[in-house]
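Colleague: Below you'll find the structure I mean.
The values are calculated or read from the model by the stated rules, or taken from the named source; none is laboratory data. Note that this is a predicted model, so its numbers are computed, not measured. Here the Cβ is made from the backbone with ideal geometry for all residues, glycine too, and neighbour counts use every protein chain on show. Just so you know, the surface numbers come from the protein's heavy atoms only, side chains and all, with ligands and any DNA or RNA stripped out. Shrake-Rupley method; radii C 1.70, N 1.55, O 1.52, S 1.80 Å.
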Amino acid sequence: TAGKPIECDAAIAWEPKKEYWKDALTIEKVIVDPPGPGEVRVKITHAALCHTDAFTLEGSDPEGLFPAVLGHEAAGIVESVGEGVTTVKPGDKVIPCYQAECFEHDQHSDHCPRCRGYRVGKTNLCGKIRPYTGAGVMKSDGKPRFRSARTGEALYHYMGVSAFSQYTVLHEESCAKIRDDAPLETMNLLGCGLATGWGAVQNTAKVEPESICAIFGMGTVGLAVIEACKRAGAKQIIGVDLDDNKKSLAEEFGVTDFVNPTKFGDRPIQEVLVEMTGGGVDYSFDCTGNVKVMRSALEACHIGWGKSVVIGVAGAGQEISTRPFQLVTGRVWMGTAFGGFKSRSEVPKLVDQCMAGELKVDPYITHQVNLSNINRAFELMHNGESLRTVIYM
Ligand code: NAD
Ligand code: AHE
Ligand code: ZN
C-alpha cells in the first residue's frame with residue numbers, strides 16, 4: 001500500500017451538531033492519500049473519546065472545521081512514511097501528538113517563534129506545525145489527505161491527528177514512537193486525557209506533599225488529576241461535581257472530601273471550600289470547561305499563594321472573570337495544554353512508567369466499542385456513564 005491511496009472506514013463529522021450524542025458521526029469509506037514529505041501514514045488501532053472531540057462536534061470550537069475526521073487520543077502502527085522522515089519507520093508503534101514537538105528548538109528557526117521559550121523549558125507549545133493543524137491541512141502542501149469515497153469531497157484533519165479513521169496521516173512532529181511491547185488498547189489514553197491530568201499536577205502546578213487540592217469535574221481528566229495529587233502526597237483532595245453518582249468513583253481515585261455545589265443552595269462553592277479548608281486550597285484544577293467553575297476554582301484558592309490551573313476547554317466567546325484583587329492578593333491563575341508534557345520525548349517515558357506499574361491506565365477505561373458503534377461512546381460520555389470508551393478501529 002505504500003505510495004498508494006488507501007480506502008478504509010472512518011467516522012465522518014459532516015457538520016456540527018449541538019446534540020453531539022445523537023448519532024452525529026457517519027461511518028463511511030474514505031480515501032487516505034499517501035504521506036507527503038515529512039509525513040507519516042498510520043494505521044490507527046485504538047482511539048478513545050475525549051470531551052474535546054464532543055466540544056468540537058457540538059460546534060463550540062472556533063477552529064472547528066467541517067466536514068472533518070475527528071479524534072485525537074489514540075495509538076497505532078506506522079504504515080508508510082513520506083520523503084525525509086527519519087524518526088519512525090513502517091511497523092513502529094506510535095501515539096499521535098496533537099501537541100507536536102519539532103526537535104529543532106536548539107537551532108533557532110523562523111518556523112517556531114516559541115523556540116526561545118521551549119529551549120529554556122518555559123513552554124511545551126511547539127509552534128512549527130500548529131498553524132496547519134489548526135487549519136485542518138498538512139504543512140507540505142496546505143492540503144488535507146482525506147476525501148470521502150462517496151462524494152470525493154475533501155475532509156479536514158482534526159488537531160493534526162484525526163484518529164477516527166482506520167488510517168490517518170500525521171506530521172512527523174506529531175508521531176511519538178513508543179516501545180514495541182506497548183499494549184495499544186490501553187496506551188492510547190496517554191494521547192490526551194491521562195497525560196494532561198497527570199502533567200497538570202506534576203509539571204504545571206508542581207503539587208508538593210501535604211498540599212490541599214480541589215478538583216472540579218470528576219471526569220477522566222479530573223480523576224487523573226486526583227490520582228496525581230495523591231501520588232504527589234497531597235493531604236486533602238477535594239472532589240467537586242454536580243453529579244452525586246461520581247462520589248464513590250472519586251473516592252476510589254483518592255478524593256478525601258466530595259462536594260456537590262447543588263447541595264449548598266445559592267452559596268458560592270468557593271466560600272464553602274475556603275471555610276472547609278480554613279482559608280482556601282493550595283491548588284485547584286478546573287476539569288469541566290465551564291467558565292463559572294473556573295472562577296470558583298480560582299476563588300477557592302488560599303490568599304497569598306493558591307494556584308488554579310485551567311484544564312477545561314471553553315467555547316468560542318466564553319470568558320473568565322474575577323476581581324483583580326484576587327490576583328493582587330497572591331492567587332495565580334494558570335492553564336495547561338497536554339499537561340505541559342513535551343510530547344514526542346515524554347510520552348514514551350509515560351509508557352515506560354505504565355509498563356512498570358507506576359501509573360495505571362486500566363481504571364480509566366470503562367467501555368469498549370468498535371468503530372461502527374462510535375456514536376455510543378458520545379452517548380455514554382453525555383450521560384456521564386463512562387470515563388474513557390476505547391474505540392477498536
Ligand atoms: P468528561 O466529560 O469526562 O468530564 C467532565 C466532568 O465535569 C463530568 O464528570 C461532569 O459531571 C463534570 N462537570 C460538568 N459541569 C460541571 C460543573 N458545572 N461543576 C462541576 N462538575 C461539572 O470530560 P474530560 O474528557 O475529562 O475533559 C474535561 C475537560 O478538559 C473538557 O473541557 C476537555 O475539553 C478538557 N481537556 C483539556 C485538555 C488540555 O490539554 N487542556 C486535555 C483533555 C481534556
Ligand atoms: N481549537 C480549540 C483549542 C482548545 C484547546 O485548548 N485545546 C487544548 C487541547 S484539548 C485536548 O483535549 C490545547 O492543547 N490547546 C493548545 C493549542 O495549541 O491549541 C479552541 O478553543 O480554539
Ligand atoms: Zn483531549
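Colleague: For region 1-106, build the charge dipole from Cβ charges (+1 Lys, Arg; -1 Asp, Glu) around the Cα centre, then report which of Phe103, Thr1, Ala47 sits farthest towards its positive end.
Modeller: Checked the options; the winner is Thr1.
Colleague: Give the carbon-plus-sulfur fraction of the accessible surface of the chain in %, rounded to a whole number; probe 1.4 Å, heavy atoms of protein chains only. Walk me through the numbers on the way to the answer.
Modeller: On the way: 8140 of 15880 Å².
Within the chain, the accessible surface is 51 percent carbon and sulfur.
Colleague: Quick check on packing: order 249-258, 154-163, 197-206 by the mean number of other C-beta atoms within 10 Å, highest mean leading.
Modeller: In descending order of packing, they fall as 154-163, 197-206, 249-258.
Colleague: Tell me, what is the percent relative contact order of region 130-233, built from C-alpha pairs under 8 Å that lie six or more residues apart? Show your work: numbers first, answer last.
Modeller: On the way: 93 pairs, mean separation 18.1, N = 104.
Relative contact order, region 130-233: 17 percent.
Colleague: May I ask for the percentage of alpha-carbon pairs in region 31-108 that lie more than 17 Å from each other?
Modeller: Details: 1741 of 3003 pairs.
Value for region 31-108: 58 percent of Cα pairs lie more than 17 Å apart.
Colleague: Hey, can you rank 50-58, 92-100 by average C-beta count inside 10 Å, highest first? Write out the running numbers ahead of the final one.
Modeller: Numbers: 50-58: 22.9, 92-100: 26.3.
The packing order, highest mean first, is 92-100, 50-58.
Colleague: If you don't mind, there's one more thing I want to ask. At R0 = 41 Å, how high is the FRET efficiency between Asp180 and Lys22 if r is their beta carbon distance? Nearest 0.05 is fine.
Modeller: Working: r = 40 Å, r/R0 = 0.98.
With R0 = 41 Å, the Cβ-Cβ based efficiency is 0.55.
Colleague: In whole percent, what relative contact order does the chain give with Cα contacts below 8 Å and a gap of six or more residues? Please report the intermediate quantities before stating the final value.
Modeller: Numbers: 964 pairs, mean separation 74.1, N = 393.
The normalised contact order for the chain reaches 19 percent.
Colleague: For a quick check, take a GNM of the chain with Cα springs below 10 Å and name the residue from Thr186, Thr277, Thr196 with the largest mean-square fluctuation.
Modeller: The residue with the greatest mean-square fluctuation here is Thr277.
Colleague: What's the magnitude of the charge dipole for the chain around its Cα centre, counting Lys and Arg as +1 and Asp and Glu as -1 at the beta-carbon? Answer in Debye, nearest 20. Write down the numbers at each step before the final one.
Modeller: Working: 41 positive and 49 negative charges, 132 e Å.
Roughly 640 debye for the chain.
Colleague: Let me ask something else about it. What's the ranking of 329-335, 372-378 by average number of surrounding C-beta atoms within 10 Å, highest first? Mind dumping the intermediate values first?
Modeller: Details: 329-335: 15.9, 372-378: 20.0.
So the peptides 329-335, 372-378, ranked by packing, come out 372-378, 329-335.
Colleague: If you don't mind, there's one more thing I want to ask. If the limit is 32 Å between Cα atoms, which of Lys43/Lys246; Lys17/Lys43; Lys17/Lys235; Lys235/Lys360 go over it? Before the final figure, lay out the partial values.
Modeller: On the way: Lys43/Lys246 35 Å; Lys17/Lys43 27 Å; Lys17/Lys235 43 Å; Lys235/Lys360 21 Å.
Flagged as over cut-off: Lys43/Lys246; Lys17/Lys235.
Colleague: 5 Å is the cut-off here: which amide hydrogens, built 1.01 Å from N in the peptide plane, fall below it relative to His72, excluding neighbours closer than 5 in sequence?
Modeller: Here Cys50, Ala163 satisfy the definition.
Colleague: With a cut-off of 8 Å between alpha carbons and a minimum separation of six or more residues, what is the relative contact order of region 109-183 in percent? Kindly include the intermediate steps, with their values, before the conclusion.
Modeller: Working: 73 pairs, mean separation 14.8, N = 75.
The value is 20 percent.
Colleague: Which value, in Å to one decimal place, does the Kirkwood hydrodynamic radius take for region 333-393 when every pair of different Cα atoms is included? Present the calculation step by step, with values, prior to reporting the outcome.
Modeller: Details: mean 1/r = 0.0724 Å⁻¹.
Hydrodynamic radius (Kirkwood, Cα only) of region 333-393 equals 13.8 Å.
Colleague: So, one more: Which net charge results when you count Lys and Arg as +1 and Asp and Glu as -1 among the other residues whose beta-carbon is under 10 Å from that of Ala163? Each step should come with its number before you reach the end.
Modeller: Values: positive: none; negative: Asp53, Glu73.
Neighbour charge sum, excluding Ala163 itself: -2.
Colleague: For the chain, what proportion of DSSP beta bridges, expressed in % and rounded to the nearest 5, is antiparallel? Walk me through the numbers on the way to the answer.
Modeller: Numbers: 37 of 64 bridges.
Here the share of antiparallel DSSP bridges comes out near 60 percent.
Colleague: Next question, about the same structure. Do me a favour and compute the ellipsoid semi-axes for the chain from its Cα gyration tensor, root of five times each eigenvalue, largest one first, whole Å. Spell out each step's value before the answer.
Modeller: Working: eigenvalues 250, 102, 75 Å².
For the chain, the ellipsoid semi-axes come out as 35, 23, 19 Å.
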